[in-house]
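I have placed the structure first, in the form of structure tokens, so that the comments after it can refer back to it.
The values are calculated or read from the model by the stated rules, or taken from the named source; none is laboratory data. In this text, all values refer to a predicted model and were calculated from it rather than measured experimentally. Backbone-built Cβ (ideal geometry, glycine too); neighbour counts: all protein chains shown. With ligands, DNA and RNA removed, areas are computed over all heavy atoms of the protein, side chains included. Shrake-Rupley method; radii C 1.70, N 1.55, O 1.52, S 1.80 Å.
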Amino acid sequence: MPHTQRLLTLLLVLAAPVAVAAADLPKVMLFTTGGTIQSRASYRAKLHEYNDGPRVTPADILKDVPEASALAKIEVVEVSNIGSGGINTTLLLKLAKGLNAELAKPDVTGAVVTHGTGTLEETAYFLHLTVKSKKPVVVIGAMRPWSAISRDGPLNFYNAVRTAITPEAVGKGVLVLLNDTIHSARLVTKNNTYHVETFVAREIGPIGFADSDRVVFYRTPLTRHTADSEFDISSIDSLPQVDVVYGYQEASSAGVDALVADGAKGLVFADSSPEYRQAILRAQGTGVVIVQSDRKGSGRVLATDSVASRGVIASDNLNPQKARILLRLALTKTTQPRELQRIFNEY
Amino acid sequence: MHRIDLFLPRAALAALTLACCLSLTLHAQEIPPLPPKELKLPHVVLMSMGGTIASKGDTRLNLTNYGGKGMRVEPDEWVSDLPEVSLIARITTEDFRAPERERDAPFEHGSTHAHWYKVATRLQELANDPSVDGVVVTHGTNVMAETAWFMNLVVNTKKPIVFVGSQRPWTGISGDGPLNMYNAIRVAASPVAANKGVLHAMNQNINAARDVTKSSAYRVQTFQSIDVGAMGVADPDIVKFYLEPTRRHTFKSEFNIATLPDPAKLPNVEIAYAYTEVPGYIIDAMVANGVKGIVVDGTGAGSPAGSQMDAIKRAQAKGVVVVVTARTHGGRVQDTPRRRESGIIPADNLLPEKARILLQLALTKTTDPKEIKRIFDEY
């Protein structure tokens, strides 16, 4: 097919300058899972219940923010396009495995992940524990839909690409970036239902900022993560069931027994209730691991002698939803309370 | 693993408890005996620069009008009041307080550059002394963040130097001093506190000298790092760090107390506050007084007031270096084209009183704006 060959050569020659320029740019993988950042509402001022427009595709994001493609060669892996409430173990594992495959390639500089904000901190912490790479992974979302007046998504996306190609971001674990602020996945939590400054790390604080002049870091995380993590999900297709039990006045233990009957291998308690005492002993009797977390949102649960003597694991300052993620992974390694406590101390 | 267990071997604990009990029974107010040498407890030097933590009130309820002549806590009194620390560290004390003042004398008049030099020189000696594992420095809370930041820049060490103070006098009802002191000693004795620059430990939080500031006049949670938060905690079970600083400090600093010019020759830098219609003559007066640098605490994202701009240009024409901070006291002053054109150097997110100290040190090395900008970017 000489004609086709000639045409191809011609195309290659024409495309050469562009190709060279693109080759000079660092390569960033964009993993999309959905969320508000990929939602469209029927009108601009609609900032809630915004699922009445067509979903925003990865291509829409790239088209709307051409500035990002001027900084990096962005390649897309679409994992899902759903709200964060729908993210499940299958998707978490797919995302982590996909990131590990791409980040292992020498020509990939970093990755950006879009996610709904509701459970974003859970996915980010899961990746913080399971991504086997020092390359930056930046998880983003938006508080306002892609269609909204003063939408925050485009700047969050642009800043995420900048951060993913910032050398100082290497080795800092999985990062969460919204509202110009860079948080460690280990410490960040969603703090407000609708406002753009929702993500905070409470008493420990953010680790950097993506400002117009510079992506700047003030802190390096010290708990174990990513390349230094002992968790390996490469040959795992499911994770042990772990559920969270809230604590409040006169809480009934019926829920605890029901979760154990449902097959939970671990339970995380967000605070406690006197009613739980017997139910916890019954659960432990069937081999269920108990982690004590807290509903206050900041501060540590201490690994005291009394906690240890009851065979309960203290969650440090992990909130219940993150303690659940760590416990699920820890249970792939051990059910030994001492060893589990070591894991909660180190991660 | 960034944690340390405070539990001693059972035999050592029993011996120490016995020693403490005996000493307490015999002489209730006596300093607990130093633990036996074979225990190899860390050696922490407790240096007093005074402060509320070193002050007594005439009654327990005196929480505001304490200290003054005859109302000071001697360094050894802290140790005798806190026998618990003898299980954590071997403590020796040093007294770097300003001379005893009359009751109505101004607070913290010991915080002069000359005094800083003396303290920094001693801290460097202690850092170089292989028998010392860490240092705790007490300080009045009003300007302790400035002193800590100066030490963070000029003392070259990997050992923990921990600043501590209190919001209530040592004698105050529900005084925060004893727990703050106990925890500061734990932090200074903790290997996980090494390599993190000069630290500030109060109210169970551990902050970096660079970022910490006093944010409330009387509350015990006054010390906050506004932009970036605390780095760790001193909790009952362990001293734990979640983060460490990325900016240059202590052993990574290019400044060194040994090579600084005489304190009287440290370049003079003043702070000019920005507000609507602030007169430019304040800056002119600073220049007439021979300042080498001016920190303008600018409005918003770091903008000097319009009425200051002409005076800034006059100052710059005379070779005065102008740095701008943001009076919002949160957020960075960014490097923008317009700011570059104005020759005004952004101070990143340093508070004005800290930008002043860094500029003073920077001016001992260079007056080149590019080089000073680099220093503000790196520290």
Worksheet item: If you go through the range A:200-209, how many residues are more than 7 Å from every other protein chain (Cβ to nearest Cβ) and surrounded by fewer than 24 Cβ atoms within 10 Å (Cβ to Cβ)?
Response: 2
Discussion item. Suppose we keep only residues that are in contact with a helix residue (DSSP H, G or I) (Cβ under 9 Å, 6 or more places away or on another chain) and basic (Lys, Arg) within the range A:293-312. Which one would you say is nearest to A:Ala283 (Cα to Cα)?
Written reply: A:Arg310
Worksheet item: Mind checking which residues of the range A:180-198 are within 12 Å of chain B (Cβ to nearest Cβ), under 21 Å from A:Ala148 (Cβ atoms) and either in contact (Cβ under 8 Å) with a residue 60 or more places away in the chain or open to solvent by 40 Å² or more (accessible area, probe 1.4 Å) (or both)?
Response: A:Asp180, A:Glu197
Worksheet item: Of A:Thr198, A:Thr123, A:Thr119, which residue is in the same structural domain as A:Gly85 (by TED's automatic domain parsing), modelled with pLDDT of 95 or more and more than 26 Å from B:Met231 (Cβ to Cβ)?
Response: A:Thr119
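Per-residue answers, yes or no, for (1) closer than 29 Å to B:Val239 by Cα; (2) not in a helix (DSSP H, G or I):
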position: A:Val216; (1), (2): yes, yes
position: A:Thr220; (1), (2): yes, yes
position: A:Thr223; (1), (2): yes, yes
position: A:Phe231; (1), (2): yes, yes
position: A:Ser235; (1), (2): no, yes
position: A:Val245; (1), (2): yes, yes
position: A:Glu250; (1), (2): no, yes
position: A:Ala258; (1), (2): no, no
position: A:Ala264; (1), (2): no, yes
Discussion item. Here are the criteria: (1) crowded, with 24+ Cβ neighbours inside 10 Å; (2) within 14 Å of chain A (Cβ to nearest Cβ); (3) not in a loop (DSSP other than H, G, I, E, B). Tell me which single one B:Leu350 does not satisfy.
Written reply: (3)
Worksheet item: What about B:Ala285, is it open to solvent by 30 Å² or more (accessible area, probe 1.4 Å), among the aliphatic types (A, V, I, L, M) and not in a loop (DSSP other than H, G, I, E, B)?
Response: yes
Worksheet item: Which one is nearest to the other protein chains (Cβ to nearest Cβ), of the residues in the range B:247-265 that are open to solvent by 20 Å² or more (accessible area, probe 1.4 Å) and aliphatic (A, V, I, L, M)?
Response: B:Leu260
Worksheet, complete the sentence: Per the filter on the range A:60-89, residues touching a residue at least 60 places away in the same chain (Cβ under 8 Å) and of a type in the set (S, T, N, Q) are A:Thr89
Fill in: Failed item, numbered, when A:Ser238 is tested on (1) within 13 Å of chain B (Cβ to nearest Cβ); (2) in contact (Cβ under 8 Å) with a residue 40 or more places away in the chain; (3) of a type in the set (Gly, Ala, Ser); (4) surrounded by fewer than 16 Cβ atoms within 10 Å (Cβ to Cβ)
(1)
Response to the item:
Requiring at least 3 residues that are open to solvent by less than 40 Å² (accessible area, probe 1.4 Å) and more than 14 Å from chain B (Cβ to nearest Cβ), the helices (runs of 4 or more DSSP H) wholly within the range A:270-347 are A:276-285, A:320-330
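Every residue, every condition in (1) in contact (Cβ under 8 Å) with a residue 24 or more places away in the chain; (2) open to solvent by less than 10 Å² (accessible area, probe 1.4 Å); (3) in a strand (DSSP E or B), yes or no:
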| site | (1), (2), (3) |
| --- | --- |
| B:Pro267 | yes, no, no |
| B:Gly290 | no, no, no |
| B:Ile294 | yes, yes, yes |
| B:Ala301 | yes, no, no |
| B:Gln308 | yes, yes, no |
| B:Val324 | yes, yes, yes |
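Inside the range B:90-183, counting only strands (runs of 3 or more DSSP E) that do not spill past its ends, which hold 2 or more residues that are at pLDDT 95 or above and touching a Gly at 6+ places or on another chain (Cβ under 9 Å)?
Output list reads B:161-164.
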Worksheet item: Do you know which residues across the range A:52-78 are in a loop (DSSP other than H, G, I, E, B) and among the hydrophobic types (A, V, I, L, M, F, W, C)?
Response: A:Val56, A:Val65, A:Ala72
Fill in: Residue list for the range B:191-246, restricted to those being at the interface with chain A (Cβ under 7 Å from one of its Cβ atoms), farther than 25 Å from A:Thr181 by Cα and in contact with a Lys or Arg (Cβ under 9 Å, 6 or more places away or on another chain)
B:Asp235, B:Asp237
